[in-house]
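Each remark here refers to the structure printed beneath this line.
The values are calculated or read from the model by the stated rules, or taken from the named source; none is laboratory data. If you're wondering where the values come from, they're calculated on a predicted model, not measured in any experiment. When we count neighbours, we look across all protein chains shown, and the Cβ atoms used for this are built from the backbone with ideal geometry, even at glycine.
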Amino acid sequence: MSRINAEWINKNGQHFDITQLNDLTLLFKPQGGLSSDAQGIYVEGSISNLKSDVIQRQTDATLDPGATPTTGDRYLIMDASALHANFGTITGIQTNDIVEYDGANFVITFDADMDTDDNALVWVNTPNEWWHYNGTTWHIHQGLSALAAGNGLVIAAGQIDLVPDVTTGGDIAPVNVVANGVGVDVNLLDGDHLNIDWNPTNYTPDASITEAANVDDLSAHLKGIDDKLDDIDANHLEQTVTQAAHGFTVGQVIRMQGGIWVLAQANTASNAEAIGVVDEIINVNTFVVVTHGVTNKLSGLTQDTVYYLDTTTPGLLTTTVTSTVGQIAKPILYAKSTTEVYIYDRIGIEVAANDPVSFSENHVITGAEVTAGFFTLTNVPNNKTLVECVVVGGPKQVNLDYANRTATADYVILGTASDEFHFNNNGAGTGLSEHLIAGHELMITYNY
C-alpha cells in the first residue's frame, strides 16, 4: 500500500505530519521537530488514547506552572508527592497522571489508575519528546531512547551532547564543542586522562615526578623517554642492567659469562672479552654499562692517556700494556680528561713468545754518564738483539747485538741480565763517546 500523508494540528496550534504506512500503522512527526522517520512515533491499531500535548514533565517541586497559568496548560506529573505550590490542591492526583488548568484549578485529564491502556501517548513540548505509558510508568518512546549514554555523553531531546569534565584527575579528557558546532576541542589532555596499559621495561620512571607512582601515567613514561634521549645526546651506547647484588663500582671493566655480568681481566683470552665499563650504580641490584662512545662519569684519570685492561686485578684499568707471553694487550679507553673518556671496542692481542711488541723510553745523558760511558736502564730487555737507539736530533745508534746490523756498533748491552747501557765511539773501547755529549736525548726502543 502506498504512503498517504495528512496533517494534524493540536489544540496548541502545533502542526504534525501524519503518514499512513499501511492499514494498521500511522507515523506521527511534529513539523520542524524531528528530521527522520526513526525519530517519529509509530502508532499501530487504535490511536484513541493519543493524549493532547503537555508543556513539560514534572519530576520535582522545581517545576513552577506560574502563579497565573493559561487555560489549557497541561503537565505530565511524574512525582505527585513533590508538586510546586502553584499547582494548588489537585483532587485525586497521583503519580503518572496528566493535569490541565481549567481557568481556575488544575484538574486530572488522564488518570493513570483508571486508564491503563498501554498505548497512551503524549507529546512533551519541552524538550520535544514522545512519551509512552505502558500501564505502569511513562518512558521516552523511540528516537534515541534505546541508546545508553556513556562517559562524557548525554542523550536528551533527540540529540547527543558532549559534557565537559573539568574535574582534576578525572577519567575523561575535558572537551569543548567548537563555536560553530563542528568538531570537538580537547584540552588539558595529560597523563591523568590517559590509560597506558603497559609497564616500562627499558627504564625506571623518575620518582621525583608525582605521577610516577602510577606506572600507567604518561608523565612518568615521557620522563623515562627523555632520559633515554639524554643518553643519546651524550654520544654513547649504554644498557641499564638488573642483576641481584652485582657488587660493581663505577669505572670497572665487565664482561658476560653464562648470562651473568662479571669482571673482565687481561690474564687470559676468555677473561679479557670485555664488553664495556660500569658508568653508573643505580642501586645494589641495578647498574648502567657503557659499551661505546663518550662518558664523563669516571674520575682520577690521567689526561691524554690510553688505559688497558689490567692483567692482575679483575675489572681494573691500567696505563701499562702487558708484555707477558699468554696475557692479553686489551686497550679499553682513552682519557680525554680526568673524568671524560672515549670508550672503544678494540680487539685484544695475546702476547706470544715472538710477538714484536714495542716499548720505548727516553733518556737524557748527564755529564757523569758521559764520563762513565754508560747509564742504568729503566727497563731491561729480554732480548738485547731487538734493541735500537736513536739520538733525538742526531744519527741513529746501532746496537752491537742488533739483528741484521750493517754498520759499526755505537753501543752494547752487557748481557740480558744487565741493566747497563754502554755507548762507545764507532767500535772503540767501552767508555767516553765522541758522538754523545751531556744533554743528548736518547730514545731507546725494545722490540720484544
Residues that are farther than 18 Å from VAL241 by Cβ: find the strands (runs of 3 or more DSSP E) completely inside segment 252-314 holding 2 or more of those.
305-309
Being part of a loop (DSSP other than H, G, I, E, B) and buried (at least 16 other Cβ atoms within 10 Å of the Cβ) is the filter here, so list the residues in segment 235-251 that pass it.
HIS246, PHE248, GLY251
Segment 76-100, residues that are within 60 Å of the chain's Cα centre (by Cα) and touching a residue at least 40 places away in the same chain (Cβ under 8 Å)
LEU76, MET78, ASN96
Flagged in segment 216-263 as closer than 26 Å to GLY300 by Cα and at pLDDT below 70, in numbering order, are ASP230, ASP231, ILE232, ASP233, ALA234
